[in-house]
C-alpha cells in the first residue's frame, strides 16, 4: 500500500512538473530523431523558450489561465456547431466551392455532404476567413433567390462574424494579453523589490539612506 502511494506521488509529480515534462519530451524528440526521422530534431529548437525568461512568460500567458481559454474555446465550438446545424438545414446548397478540384477533369465540390463534414468545413473555412463563413461561401443574389433566403443568409453571415470572429476571438486574445501584462508587471515589481528593498529588514533604499545620514552617533569614553 505504501509502495503504491509512493508510486502515485511520483507519477503525479512527474505529470504536473513542467520542467520534468519538458526534459522527457526533449529526450523523446532526440530518440525519434535517431530512430525515426531527423525531422524531429527541429523540435529541439524550442529549447530557446527554456533559456530566456521573457519567452517563458509568453508560454505562461497561455498556460496560466488555460482553464478560461479552454472554456471559452469550448463555448465557441458549441456556437459554431449551432451555426453549422442552421447552415446544414437551410443553406445546404450554398456550401459549394468551385476552386476545389473534384478529379483530374472536373472542378468544384460541395463542402457539406454530411453534418460532420459541414461542421469541419465551417471550422476550417469560417474561422480562417477574416469575415467569417460568409467569406468562404459563394455570395447569393438578391434577385435570383427568394427574399427570405437572402435576408437569412445575410443575418447568418453578419452574426457569425460579430459573435465568433470579433467577440470570441477578442475574448481569447484579451485573456492572453492581460495574463502576459500581469506577468510582466509581477516581474518588474520583483526586480524593483530586489534593487530597492532590504532583504532582511524590509525597509526601502531611501529610508535606509535617511536613517544612516541622521542616525545619532554616541561616543564611548
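A short reminder: the numbers here are calculations on the coordinates, not readings from a lab. The model shown is predicted, which means the values in this text are computed figures rather than measured ones. In this analysis, Cβ positions are derived from the backbone assuming ideal geometry, glycine residues included, and neighbour counts consider all displayed protein chains.
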Treating the angle as unsigned and between 0 and 90°, give the value, to the nearest 10°, between the Cα long axis of helix 18-35 and the longest Cα principal axis of the chain.
-> 60
0 to 90° range, to nearest 10: angle between helix 147-160 axis and the chain longest Cα axis = 20
Figure the gain on full extension for residue 204 and residue 74 (residue separation times 0.36 nm, minus the Cα-Cα span) and round it to one decimal in nm.
-> 42.1 nm
Mean shadow of segment 2-51, computed from the convex hull of its alpha carbons, in nm²?
-> 4.3
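Could you list 4, 75, 111 so that the one with the fewest beta carbons within 10 Å of its beta carbon is first and the one with the most is last? Numbers along the way, then the final one.
Details: 4 8, 75 12, 111 18.
In order of increasing Cβ crowding within 10 Å: 4, 75, 111.
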Distance in nm between pseudo-label sites at residue 82 and residue 195 (7 Å out along the Cβ direction from Cα) | 5.0
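Determine the calculated [θ] at 222 nm for the chain from helices alone, applying -39500 (n - 2.57) to every DSSP H run no shorter than 4 residues and normalising by the residue count; nearest 500 deg cm²/dmol.
Rounded to the nearest 500, the figure is -19500 deg cm²/dmol.
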Is any residue of segment 57-99 close enough, with backbone N under 20 Å, to a label point placed 7 angstrom from the Cα of residue 15 along the Cα-Cβ axis, and if so, which?
-> 63-68, 70-71
Suppose R0 equals 41 Å; then what is the FRET efficiency for residue 151 and residue 3 from their Cβ-Cβ distance, rounded to the nearest 0.05?
-> 0.05
In the chain, if every C-alpha pair distance is counted and binned at 5 Å from zero, what percent goes to each bin?
-> 1, 5, 8, 9, 9, 9, 10, 10, 9, 7, 6, 5, 3, 3, 2, 1, 1, 1, 0, 0, 0, 0, 0
